[in-house]
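The values are calculated or read from the model by the stated rules, or taken from the named source; none is laboratory data. Here the structure is a predicted model, which means the values were calculated and not measured. Ideal geometry is used to build each Cβ from the backbone, glycine not excepted, and the neighbour counts take in all protein chains shown.
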Amino acid sequence: MNGAHQQRDFRIRFDWGLQGAAAIAEGADVAVVVDVLSFTTTLSVALDGGIDVLPYRWRDETAATYAAAHDAVLAVGRREATDGAVSLSPRTIRASRGIRRLVLSSPNGSSISYALQSATSTCVGVSLRNFHAVAAWIARQHADAVVAVVAAGEKWPDGSLRPAVEDLWGAGAVIAELADTHGFGALSPEAEQARCAWDAVAGRISEALHDCASGRELVEIGFADDVAIASEMRSSECVPVLVDHRFTEAAPPEAQVTRGLRQCLP
């Protein structure tokens, strides 16, 4: 690995996809995975509902076995979901009942998280719904941390990385929160560019998400609600931390109590 590509001289690093994650997570204390449409948005909705999430590489014949071994429900693909089924769509997670553990497979954010679970750094999931909560948790728990922020991106039909602007914005949001609110310095040039991209759309994020290529794609195939949920900026206090192969809630005890009381209300 070329040391220059690892951004070793910087406290906040940024790169794209699985290969970028492997480069910048080495030597970092915290790895932040961002997949706004939709893995990390769906992850935040699941944890808000008390559901632990097990990331898995893109679904193959082993996914069902993996889910069964962990006593978890396996989410199906968006287009495969029938009425009442749970899929990568956050709308289906929000409507679900009685699920405690969920295996979420995707070729992007979930696959990256699955690969990072064997790394020495802490792995967390960030969306536009919870970037502020994750940044605050990092500042509180890892005040001197080196942070590697990974935009998952999408895939072109040939399997190559398609940089997805919504993930650049999500990465920039958590970078800006760390830098501006919590005083984290030493941003790499790559991280600084993500921060600038966020600054350009922060005041109109719902419009920007609906207009970007990934947002338009979801709207065209009937998943406009997923884009709307992804636009719920700062709506969640969940902090998804990957522990023992699953994302679980790492919020302070008082936040967990508040969330539990809210869920019990009629």
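Could you check how many residues of the range 16-58 are surrounded by fewer than 22 Cβ atoms within 10 Å (Cβ to Cβ), in a loop (DSSP other than H, G, I, E, B) and not hydrophobic (A, V, I, L, M, F, W, C)?
6
Of the residues that make up the range 117-127, is at least one more than 23 Å from ALA22 (Cα to Cα), small (Gly, Ala, Ser), out of contact with any Asp or Glu (no Cβ under 6 Å at 6 or more places or on another chain) and surrounded by fewer than 17 Cβ atoms within 10 Å (Cβ to Cβ)?
no
Looking at GLN193, GLN117, GLN141, can you tell me which residue is farther than 21 Å from SER235 by Cβ and in contact with a His (Cβ under 7 Å, 6 or more places away or on another chain)?
Values: GLN193 fails: in contact with a His (Cβ under 7 Å, 6 or more places away or on another chain); GLN141 fails: in contact with a His (Cβ under 7 Å, 6 or more places away or on another chain).
Only one candidate qualifies: GLN117.
Name the residue that is nearest to ARG101 (Cα to Cα), counting only residues in the range 235-264 that are modelled with pLDDT under 50, surrounded by 13 or more Cβ atoms within 10 Å (Cβ to Cβ) and polar (S, T, N, Q).
This residue is GLN256.
Being buried (at least 24 other Cβ atoms within 10 Å of the Cβ), in contact (Cβ under 8 Å) with a residue 40 or more places away in the chain and more than 14 Å from the chain's Cα centre (by Cα) is the requirement here; does LEU102 meet it?
Spelling it out, LEU102 is indeed buried (at least 24 other Cβ atoms within 10 Å of the Cβ), in contact (Cβ under 8 Å) with a residue 40 or more places away in the chain and more than 14 Å from the chain's Cα centre (by Cα).
Exactly one of these conditions fails for ARG162: (1) touching a residue at least 40 places away in the same chain (Cβ under 8 Å); (2) surrounded by fewer than 21 Cβ atoms within 10 Å (Cβ to Cβ); (3) under 18 Å from the mean Cα position of the chain (by Cα). Give me its number.
(1)
Applying the selection to the range 71-84, what residues are without any contact (Cβ under 8 Å) to a residue 12 or more places away in the chain, surrounded by fewer than 16 Cβ atoms within 10 Å (Cβ to Cβ) and on the phi < 0 side of the Ramachandran plot?
Residues satisfying the conditions are GLU80, THR82, ASP83.
Just to verify a result, which residue in the range 212-223, among those that are in a helix (DSSP H, G or I) and free of Cβ contacts under 8 Å to residues at least 12 places away in the same chain, is surrounded by the most Cβ atoms within 10 Å (Cβ to Cβ)?
By that ranking, first place goes to VAL219.
Could you pull out the residue among ALA145, ALA136 that is in contact (Cβ under 8 Å) with a residue 24 or more places away in the chain and part of a loop (DSSP other than H, G, I, E, B)?
On the way: ALA136 fails: part of a loop (DSSP other than H, G, I, E, B).
Only one candidate passes the filter, namely ALA145.
Conditions tested, residue by residue: (1) modelled with pLDDT of 95 or more; (2) in contact with a Ser or Thr (Cβ under 7 Å, 6 or more places away or on another chain); (3) not charged (D, E, K, R).
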{"residue": "ASP144", "(1), (2), (3)": "no, no, no"}
{"residue": "TRP169", "(1), (2), (3)": "yes, no, yes"}
{"residue": "ILE175", "(1), (2), (3)": "yes, no, yes"}
{"residue": "HIS182", "(1), (2), (3)": "yes, no, yes"}
{"residue": "SER188", "(1), (2), (3)": "yes, no, yes"}
{"residue": "ASP225", "(1), (2), (3)": "yes, no, no"}
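Considering each residue of the range 8-64, count those that are under 16 Å from the mean Cα position of the chain (by Cα), at pLDDT below 95 and among the charged types (D, E, K, R), and give that number.
1
From the residues in the range 118-133 that are within 14 Å of the chain's Cα centre (by Cα) and in a loop (DSSP other than H, G, I, E, B), which one is nearest to THR40 (Cα to Cα)?
Among those residues, the one meeting the criterion is SER127.
Based on what the data block shows, is GLU232 surrounded by 14 or more Cβ atoms within 10 Å (Cβ to Cβ) and in contact with a Lys or Arg (Cβ under 6 Å, 6 or more places away or on another chain)?
On the way: surrounded by 14 or more Cβ atoms within 10 Å (Cβ to Cβ): yes; in contact with a Lys or Arg (Cβ under 6 Å, 6 or more places away or on another chain): yes.
Considered against the rule, which asks whether it is surrounded by 14 or more Cβ atoms within 10 Å (Cβ to Cβ) and in contact with a Lys or Arg (Cβ under 6 Å, 6 or more places away or on another chain), GLU232 comes out as yes.
I want to confirm something. Restricting to the range 5-43 and keeping residues that are out of contact with any helix residue (DSSP H, G or I) (no Cβ under 8 Å at 6 or more places or on another chain) and among the small types (Gly, Ala, Ser), which single residue is nearest to TYR114 (Cα to Cα)?
GLY20
Restrict the check to the range 54-64 and report whether at least one residue is closer than 29 Å to GLY183 by Cα and in contact (Cβ under 8 Å) with a residue 40 or more places away in the chain.
No, the range 54-64 has no match at all.
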